[in-house]
Structure formats: C-alpha cells, structure tokens
1. Sticking to Cα atoms, compute the Rg of segment 1-81 to one decimal and its Dmax as the biggest Cα-Cα distance, whole number, in Å.
2. By how many nm would the segment from residue 61 to residue 85 grow when fully extended, if each residue of separation counts as 0.36 nm and the alpha-carbon distance is taken off?
3. Stretch residue 205-residue 133 to full length: gain in nm at 0.36 nm per residue minus the Cα-Cα span?
4. Could you state the principal axis extents of the C-alpha atoms in segment 235-288, from the largest down, to the nearest angstrom?
5. Simple spin-label model, 7 Å along Cα-to-Cβ: residue 105 to residue 234 in nm?
6. To one decimal place, what orientation-averaged projected area in nm² is obtained for the convex hull of the Cα set of segment 126-178?
7. Note the direction-averaged projected area, equal to a quarter of the hull surface, for the Cα convex hull of segment 33-186, in nm².
8. Compare the Cα positions of 58, 130, 86 along the charge dipole of the chain (+1 at Cβ of Lys, Arg; -1 at Cβ of Asp, Glu; about the Cα centre) and return the one farthest towards the positive end.
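All of the numbers you see were taken from the coordinates with simple rules; none came from a lab. The model shown is predicted, which means the values in this text are computed figures rather than measured ones. Quick reminder, even Gly has a Cβ in these numbers, built from the backbone with ideal geometry, and neighbours come from all protein chains shown.
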Amino acid sequence: MNDYLLSTALGVLEGLTEFLPVSSTAHLRIAEALMGLDLGSGFWKMFAIVIQIGAILALPLYFWGRIGEFVRSFPAGRRGNRTVWNHPLSITLIAFVCTAGPAFLLHKVIGRNLERLSLIGWALVLGGVIMWIVDVVFADNSRTASMDDMSLTQGVWIGLCQILSAVFPGTSRSMSTIAAGQLAGMSRQAALEFSFFLSMPTMAAAVGYDLFHSLRHHMGDEAGDTVAMNGHNWALLALGTVVSFIVAYAVVAWFMDWVKKRGFVPFAVYRIAAGAALLYWVMHNRVH
C-alpha cells in the first residue's frame, strides 16, 4: 500500500476507535496482522504513537467551554457545594493518579506479552459482555446526572478500573471508565463525559512516555533500528496526525449525542462480534 494511503488509513482508524469503547489498541493490532504491517519497530512504531496526539487534541478543543466552566468555578463549583478535594477538576486529577502509578508498574512488568491477538480477542468479547450487562442493568439506576455531582469515591473507583485497559490491551480505556461510572451510579452521559476528561491527562502521559522512549531508541540508544527522519516521513506523520484529529473530533461530537438517545449496547454487540471473528481468524490461521 502507498505510504500516504497507509498514513491516512491509520489516522482514520486511530480517530475512529480511540474514544469509542471498542479499543484502539485492538484495532491497530488487527490492522497490523491483516495488512502484514509491523507497527512495533522502526518509523511506524513512532507513527502509531504520534498520531494519538491528534486524537488527544480533539478533546480539549471540543470541551473547551466545559473546561472553562470548571476552571472558573474552582474550587467551590458552579453550585457552591464543592471543595478543593471534590471539585470535578480535582476528581479528574486524583482519578488519573490512581491509574498512572499502578498502570506504569504493571505495564513495565507485563510489557507486550498481553498484546497477543488471541488475548485481545477475549478482551473484546468479555468487555462487550460486561458493557452490555452494565448498560442494561444500571441505565435507570443512576443518581449522578453530571460531572458537577460526582463524588471523590466515584472518581477513585473509575481511576482504579481504568488500570484494566493498561494491563489488558483490547479492554478499552473508554469501556473501563464508562462501565465503572455506571456501576458507581453515574448516568450514561456523566460517565461518558468523565471518561473523556480522564482521557486527557491519561493519554497525554501515556503518549508522552511512549514517545520519549521511542525517540531515545531511534536516536541511537539501541543500535540497529535508528530512523532517519526526512521530508517524506515528516509528511506522513503530519498527515496521520491531522486525519486522526479531524476524525476523533467528529467521533466525540457524534458519540456524545448518540449516548443521550441510545446507550452503549450497540458497541457491546460490535465488541463481541469483532472479538469472536478475531478469535476464529487466529485459530484457523494459527497466529498469535
């Protein structure tokens, strides 16, 4: 495939799947296997990291007004009933800390061992089943209608549940936080909004860490895989990042509207179908 077509396709895939509860990691690994790519080394490893920056930037742009509300109301909140500890911005930061430390330690130990396609397939299926059950059972039992009403306990719980997505590729950061939020008594819209807010520091930290190690690797700390950046490679990075940003922004806007009316069950069904198809393909082609 032409490099520019590949860059565009991967940008679209990243933008489509990063914030939907279907796992961007799973879809990139599936694309890698089906298209015979190697996104784990060389230029394309760095490319797969960099294009996530485009998706990340879509969030603060889309939620700019909401972020401004939170900043202006800190620490008392819009209703004057918040403190420095349970303001939505504080809860987001505390939830991030609950995720970051354990996820970093576990990721260092496990590495890429759990990125096998068979395990990703099972993660897609099991995550879909969990999301389906949670959305059906807890949809009408929400007591927290928006992030303004969240408790610190809910934030800590969601942050801890997000660790699953770092440890088990295919689980999905969005799926973990949304299902955890609903289990904690949050409405669909509140759980989704907090999932997006928590994604901002979490993704920024994860991408920053991965990019630092990738750049250090390519600059020669590990001989034999140094990537020479030229005009062609810079153009591919720019194209993939811009495409990822545009698609991710559209997906976030669409997803927020969709959830108000329809919920998460269609995504659970998709996860189960995609996971089952992946497991079937892995079994019949004897790949890992």
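1. For segment 1-81, the Cα-based Rg and Dmax read 17.7, 57 Å.
2. Value of the extension gain: 6.1 nm.
3. Numbers: separation 72, 0.36 × 72 = 25.92 nm, distance 3.11 nm.
The residue 205-residue 133 span can extend by a further 22.8 nm.
4. Rounded to whole Å, the extents work out to 40, 37, 9 Å.
5. Output for this residue pair reads 4.2 nm.
6. Taking a quarter of the hull surface, the average projection is 3.9 nm².
7. On the way: hull surface 43.2 nm².
Approximately 10.8 nm², given one-decimal rounding.
8. Positive-end residue among those listed: 86.
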